[in-house]
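The values are calculated or read from the model by the stated rules, or taken from the named source; none is laboratory data. Predicted model, so just to flag it, every value in this text is computed and none were measured. Cβ coordinates were reconstructed from backbone atoms using ideal geometry, including for glycine residues, and neighbour counts include every protein chain displayed.
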Amino acid sequence: MSRCLNIGIAGAGIGGLAAGAFLARDGHRVSVFDQFDAAGPVGSGLMLQETGLVILDQLGLRDAAEGLGAPITRLWGVSADTGRSVLDVRYAALRPALHGIGIQRTALFTLLEGAASASGARLVPATRITAANPETGTLVDHQGGAQGPFDLVIDALGVRSVLSSAPAKALPYGALWATLPWPEKGPFDAEALEQRYQAARKMAGIMPSGRARAGDADSLTYFWSIRSEAYEAFRTAPLAHWKDAARALWPETAMLVDQIVDHDQLTFARYRHRTHWPAAEGRLIHIGDSWHAASPQLGQGANMALLDAFALARAVRGGGTASETAALYVRQRAAHVRLYQLMTWAFTPVYQSDSKLLPWVRDWLAAPVSKLWPAPPVLAALVGGGLGSPLKKLGLKAGR
């Protein structure tokens, strides 16, 4: 490949913008195509783990992200059936200063969009990409127009990408999400992602999610687990029916549930699980959910996309051919992707499924064992994204 490449990125999400920022900063001509008239985030809050924060630091964005986000030092879940604490992951079990960050998607998107623009990436709105030719490096838009050819094409369209293999059917459970003000007086831990479960059929959660802009009031992300096929029934039923169930599962959240007065305040997210292989074909490379989609149970989605973006930029710096660049990119990320795909696949049914056995095992066997060494530091490493040493493979170190 030449030193200055012409690069087309399909999708202006977290991975696409981060890749655009890194690659444009390295001197490449980068165009980022997005289907919306004005690119913007979709969804509510998310978790940044140490892996993602280290990548943001490479863009000079870590301090800003931590300033807008809320520190999370603990993941804590309680079974409503038994009153037992069945999830208690403390980051400090691995390293005292380790923590996650709850952040609004709007805040993270704004930071990454600014970094991409400042680096020289060109954002092309109102251009929905419908196809790509991996051999010629050409993208096709929704009007049948050809974009490119590009030396490198990056698929950052997410789980529903038309450029990668169709995901398997949606997982049985998705979630309703809402961003709400953090209550001035309430029983919730300001540094914990808290959850309540009824078996694995019902789950409610609260995550501190900082503020969209400096000076705004603090917020939280409220989420409610729901079977995918039940969403239409939820939409047509009186909202009071859902509110009654939400209060019954977690009475202390009544002050939050009462703020939701319209179905549209709750955004429904369907979850899918699949890995697209190969991760690279000719000049086309997949990143983020276009490569590896999973439920958000371990809070890794945004962090994996950021790791992919940095790994790809690092591979491009190697100056090899398209196939050599793709091979280096995959070598840097494949083991970590496989590990977290497996772990997410294993953990999700324990907290979101119709199983009667798995919640019993969780509550009465797994929960007590998880408190015994070496489980606490291993669990902290798992949720922090550090299992498999993904940063080391990229020549980076955790911490500051």
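Taken over the range 261-293, the residue count meeting the criterion of being among the small types (Gly, Ala, Ser), farther than 21 Å from THR138 by Cβ and in contact with a Phe, Trp or Tyr (Cβ under 7 Å, 6 or more places away or on another chain) is 1. Pick from the range 212-227 the residues that are closer than 20 Å to LEU75 by Cα and of a type outside the set (S, T, N, Q): which of them is surrounded by the fewest Cβ atoms within 10 Å (Cβ to Cβ)? Once the filter is applied, the top-ranked residue is ASP218.
Filtering the range 103-147 to residues that are more than 24 Å from ASP26 (Cβ to Cβ), small (Gly, Ala, Ser) and not in a helix (DSSP H, G or I) leaves ALA126, ALA131, GLY144, GLY145, ALA146.
State yes or no: is THR321 loosely packed, with under 14 Cβ neighbours inside 10 Å, among the hydroxyl-bearing types (Ser, Thr, Tyr), touching a residue at least 24 places away in the same chain (Cβ under 8 Å) and over 18 Å from MET47 (Cβ atoms)?
yes
Looking at the range 244-259, can you tell me whether even one residue there is part of a strand (DSSP E or B) and surrounded by 19 or more Cβ atoms within 10 Å (Cβ to Cβ)? The answer is no; no qualifying residue exists. Contact list please: Cβ distance under 9 Å, first residue in the range 1-30 and closer than 13 Å to GLY319 by Cα, second residue at pLDDT 95 or above and aromatic (Phe, Trp, Tyr), pairs at least six apart or on different chains. Qualifying pairs under 9 Å: LEU5/PHE150. The conditions are (1) among the hydrophobic types (A, V, I, L, M, F, W, C); (2) at pLDDT 95 or above; (3) touching a Leu at 6+ places or on another chain (Cβ under 8 Å), and LEU328 fails exactly one of them. Which is it? Only one criterion is unmet by LEU328, namely (3). Of note, ALA230 does not satisfy the criterion of being over 20 Å from the mean Cα position of the chain (by Cα) and surrounded by 17 or more Cβ atoms within 10 Å (Cβ to Cβ).
May I ask you to verify whether ILE101 is touching a Lys or Arg at 6+ places or on another chain (Cβ under 8 Å) and surrounded by 24 or more Cβ atoms within 10 Å (Cβ to Cβ)? When the stated conditions are applied, ILE101 does not pass them. Could you tell me whether VAL316 is crowded, with 21+ Cβ neighbours inside 10 Å and in contact (Cβ under 8 Å) with a residue 24 or more places away in the chain? Criteria met by VAL316. Considering (1) farther than 30 Å from TRP360 by Cα; (2) touching a Lys or Arg at 6+ places or on another chain (Cβ under 7 Å), the lone condition that PRO172 does not fulfil carries the number (1). Considering only residues of the range 261-272 that are closer than 14 Å to PHE234 by Cα and touching a strand residue (DSSP E or B) at 6+ places or on another chain (Cβ under 7 Å), which is surrounded by the most Cβ atoms within 10 Å (Cβ to Cβ)? Of everything passing the filter in the range 261-272, LEU266 is surrounded by the most Cβ atoms within 10 Å (Cβ to Cβ). Residues satisfying the criterion are absent from the range 137-153 (criterion: closer than 30 Å to LEU239 by Cα and either surrounded by fewer than 17 Cβ atoms within 10 Å (Cβ to Cβ) or out of contact with any helix residue (DSSP H, G or I) (no Cβ under 9 Å at 6 or more places or on another chain) (or both)).
Check the range 167-174 and report whether any residue there is at positive phi and modelled with pLDDT under 95.
Of the range 167-174, the ones at positive phi are none.
The answer is no, given that none of the residues of the range 167-174 is at positive phi and modelled with pLDDT under 95.
For every residue, the table says whether it meets (1) closer than 24 Å to ALA326 by Cβ; (2) part of a strand (DSSP E or B).
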residue	(1), (2)
ILE154	yes, yes
LEU157	yes, no
SER164	yes, no
LEU171	no, no
ALA190	no, no
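Here THR275 qualifies as in contact with a helix residue (DSSP H, G or I) (Cβ under 9 Å, 6 or more places away or on another chain), within 22 Å of ILE9 (Cβ to Cβ), β-branched (Val, Ile, Thr) and surrounded by fewer than 22 Cβ atoms within 10 Å (Cβ to Cβ). Return yes or no: is MET203 outside any loop (DSSP other than H, G, I, E, B), of a type outside the set (S, T, N, Q) and touching a Ser or Thr at 6+ places or on another chain (Cβ under 6 Å)? Yes: the conditions hold for MET203. Restricted to the range 206-224, and to residues there that are in a strand (DSSP E or B) and out of contact with any helix residue (DSSP H, G or I) (no Cβ under 8 Å at 6 or more places or on another chain), the residue that is nearest to ASP88 (Cα to Cα) is MET207.
Yes/no matrix, rows are residues, columns are (1) under 25 Å from LEU53 (Cβ atoms); (2) of a type in the set (Gly, Ala, Ser); (3) surrounded by fewer than 23 Cβ atoms within 10 Å (Cβ to Cβ):
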residue	(1), (2), (3)
GLN300	yes, no, no
LEU307	yes, no, no
ALA327	no, yes, yes
VAL330	yes, no, yes
ALA334	yes, yes, yes
ALA346	no, yes, yes
ASP363	no, no, yes
TRP373	no, no, yes
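Which condition does GLY186 not pass, out of (1) part of a loop (DSSP other than H, G, I, E, B); (2) buried (at least 21 other Cβ atoms within 10 Å of the Cβ), if it passes all the others? With respect to (1) part of a loop (DSSP other than H, G, I, E, B); (2) buried (at least 21 other Cβ atoms within 10 Å of the Cβ), GLY186 is out only on (2). Only one of the numbered conditions (1) over 18 Å from PRO181 (Cα atoms); (2) modelled with pLDDT of 95 or more; (3) of a type outside the set (A, V, I, L, M, F, W, C) is violated by THR275, and that is (2).
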